[in-house]
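To start, the structure under review is shown below, and the notes come after it.
The values are calculated or read from the model by the stated rules, or taken from the named source; none is laboratory data. Source: prediction; values computed, not measured. Every residue, glycine among them, receives a Cβ derived from its backbone with ideal geometry; neighbour counts consider all protein chains shown. To get the accessible areas, we keep the full protein, side chains included, count just its heavy atoms, and leave off ligands, DNA and RNA. Shrake-Rupley method; radii C 1.70, N 1.55, O 1.52, S 1.80 Å.
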Amino acid sequence: MGSENLSQDTLAEHLLELAIKSGAEAAEVYQSRSLSRPVFFEANRLKQLETSQSEGTALRLWRNGRPGLTVAYGSVNPQVMVERAIALSQLNQPEFLELVSNFQPDYPDLGSSVPIDVLVGWGKEAIAMIRDAYPDVVCNSDWECDIESTRLVNSQGLDCYYNDTTLSCYMSADWVRGDDFLSVADGQTQRDILEPEKLVQQILQRLIWAKHNVLSPNRRVPVLFTSKAADMLWGTAQAALNGKRVLESASPWGERLGTQVIASNLTLYQDPLAGPYSCPFDDEGTPTKPLVFVENGILQHYYCDRTTGRKLETGTTGNGFRPSLSSYPTPGLFNFLIQPGKASLPELIQKMDDGLIIDQILGGGGGIAGDFSINIELGYRVRKGEVIGRIKDTMVAGNIYTALKQVELGDDADWNGSCYTPSLIVEGLSTTGRN
């Protein structure tokens, strides 16, 4: 299974031919195939190996200007798919036709596959290192190699495809101390190789910090978000940069292009060649491109699909993505990067006289309005530049836009999902602890 096999599949061409013969003036076919090989460890032991495959096909056509979309998983009956799409098109209003044409690139495969025995070895190695230091800790983890193939073909001459192989792991270390339960978790998503030792060192550092429980402050204090927790802040920034939210007048950054919206040491951007979430084209077939959204705190661009870009009169930025196969393309991000600072995580901690470190949170972050109130799942108290222990039953509240007006950035940027972010300190968040 791979991009070569998908590119040689004749199903897409057959669907396009049937759609045009059935009266559609235009059509597109989006195909996705995946092969996943996860390895699961439970209670320090190898539990099971799995192999799972999935395949989906989405047909979108326009008849009399009216769009119709239908999806099939696994085996496909082309005639039935076309008939369903045409029937659905009769229920929709006519729309402006947005299709890429005359563009037939052959993209190289991204990433390389890893054998199952290597995944098993990494899992055993990581668990052994943690239990050597903490014999009472119970570890659970999963290690996975995922191969995804994507192809997009339309009646305007577009035919593009690529194959993407990513490696990922997730590990939790559970420590029961009397009636006190502690769970420290971390993970990685990378191409070509995972780093068990780096993952273990991050978990061991958290276990060391959590040796003692201490009281939480009940006032406004500086808060350090580790790279694992910092993407809570960036979700709101991503929403504010969404061109569709700008069109709807829902973004507080609408009509703010060229003005300063966050701290001058913050630069936010996307890079189609960066990290495990690199992507050569979006789900409309437009090539993705490097784009700086905010440079030194000044708003430069929003991200758009073809429809949104036309309405904003900026054009598409190559950010039209489907939330699912059964969805129409909408503005979305393939990756989101924050330019790191120069201070290491220990140096950031040393800057804090009295504050908190947030490493894991419960629940979601703030909406597009920016106000948030979160429960800290795993956090620590800092006094005079040193971590003095773990805090429990603590909430932090504030406004994300206000918090991003003044930040100190670390140099430890890492991938948390598709967000590449360093640790950072924000000033004066309100903390409430049940001591």
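Would you check if ASN77 is over 17 Å from TYR162 (Cα atoms) and modelled with pLDDT under 95?
It is true that ASN77 is over 17 Å from TYR162 (Cα atoms) and modelled with pLDDT under 95.
GLY178 versus (1) within 30 Å of THR57 (Cα to Cα); (2) at pLDDT below 95; (3) surrounded by fewer than 20 Cβ atoms within 10 Å (Cβ to Cβ): which is the lone unmet condition?
The number of the failed condition is (1).
Scan GLN202, GLN300 and give me the residue that is more than 29 Å from LEU362 (Cβ to Cβ) and in contact (Cβ under 8 Å) with a residue 12 or more places away in the chain.
Going through GLN202, GLN300 in turn, the sole match is GLN300.
Which pairs turn up if I take residues in the stretch 215-243 that are under 30 Å from ASN319 (Cβ atoms) and look for partners that are among the basic types (Lys, Arg) with beta carbon separation below 8 Å, at least 6 apart in sequence or on another chain?
Filtered contacts from the stretch 215-243: ALA239/ARG245.
Going through the stretch 304-319 one residue at a time, which ones are surrounded by 20 or more Cβ atoms within 10 Å (Cβ to Cβ) and touching a helix residue (DSSP H, G or I) at 6+ places or on another chain (Cβ under 6 Å)?
Of everything in the stretch 304-319, those that are surrounded by 20 or more Cβ atoms within 10 Å (Cβ to Cβ) and touching a helix residue (DSSP H, G or I) at 6+ places or on another chain (Cβ under 6 Å) turn out to be CYS304, THR308, THR316.
Out of (1) assigned to a helix (DSSP H, G or I); (2) open to solvent by 90 Å² or more (accessible area, probe 1.4 Å); (3) in contact (Cβ under 8 Å) with a residue 24 or more places away in the chain, the odd one out for VAL82 is which?
(2)
Assuming LEU88 fulfils every condition listed in (1) part of a strand (DSSP E or B); (2) surrounded by 15 or more Cβ atoms within 10 Å (Cβ to Cβ) apart from one, which condition is it?
Here LEU88 clears every test but (1).
How do the pairs read when you match residues in the stretch 139-155 that are touching a residue at least 40 places away in the same chain (Cβ under 8 Å) and more than 24 Å from ALA26 (Cβ to Cβ) with residues anywhere that are of a type in the set (A, V, I, L, M) and part of a strand (DSSP E or B), using Cβ under 6 Å and keeping only pairs 6 or more apart or on different chains?
Final answer for the pair search is CYS139/ALA173; SER141/MET171; TRP143/VAL39; CYS145/LEU167; ILE147/LEU35.
Could you identify the single residue in VAL382, VAL387, VAL294 that is crowded, with 20+ Cβ neighbours inside 10 Å, touching a Ser or Thr at 6+ places or on another chain (Cβ under 7 Å), of a type outside the set (Ser, Thr, Tyr) and in a strand (DSSP E or B)?
Just a single option satisfies the conditions, and that option is VAL294.
So which residues in the stretch 255-284 are open to solvent by 20 Å² or more (accessible area, probe 1.4 Å) and in a loop (DSSP other than H, G, I, E, B)?
GLU255, ARG256, LEU257, GLY258, THR259, SER264, ASN265, ASP271, LEU273, PRO280
Can you name every residue in the stretch 401-420 that is open to solvent by 50 Å² or more (accessible area, probe 1.4 Å) and not basic (Lys, Arg)?
Residues satisfying the conditions are THR402, GLN406, GLU408, ASP411, TYR420.
Out of the residues in the stretch 91-146 meeting the condition of being in a helix (DSSP H, G or I) and β-branched (Val, Ile, Thr), tell me which one is nearest to SER22 (Cα to Cα).
So, considering only residues that are in a helix (DSSP H, G or I) and β-branched (Val, Ile, Thr), the one nearest to SER22 (Cα to Cα) is ILE116.
State which residue pairs qualify: first residue over 16 Å from LEU424 (Cα atoms) and touching a residue at least 24 places away in the same chain (Cβ under 8 Å) and inside the stretch 382-405, second residue of a type in the set (Asp, Glu) and assigned to a strand (DSSP E or B) in any location, beta carbons under 7 Å apart, and separation of 6 or more residues or different chains.
ARG383/ASP354
Return only the number of the condition from (1) exposed (fewer than 15 other Cβ atoms within 10 Å of the Cβ); (2) among the basic types (Lys, Arg); (3) touching a strand residue (DSSP E or B) at 6+ places or on another chain (Cβ under 8 Å) that ARG206 does not satisfy.
Against the list (1) exposed (fewer than 15 other Cβ atoms within 10 Å of the Cβ); (2) among the basic types (Lys, Arg); (3) touching a strand residue (DSSP E or B) at 6+ places or on another chain (Cβ under 8 Å), ARG206 comes up short only on (1).
Which residues, counting only those in the stretch 313-369, are in contact with a Lys or Arg (Cβ under 9 Å, 6 or more places away or on another chain), hydrophobic (A, V, I, L, M, F, W, C) and within 30 Å of PRO287 (Cα to Cα)?
Answer for the stretch 313-369, where residues must be in contact with a Lys or Arg (Cβ under 9 Å, 6 or more places away or on another chain), hydrophobic (A, V, I, L, M, F, W, C) and within 30 Å of PRO287 (Cα to Cα): just ILE368.
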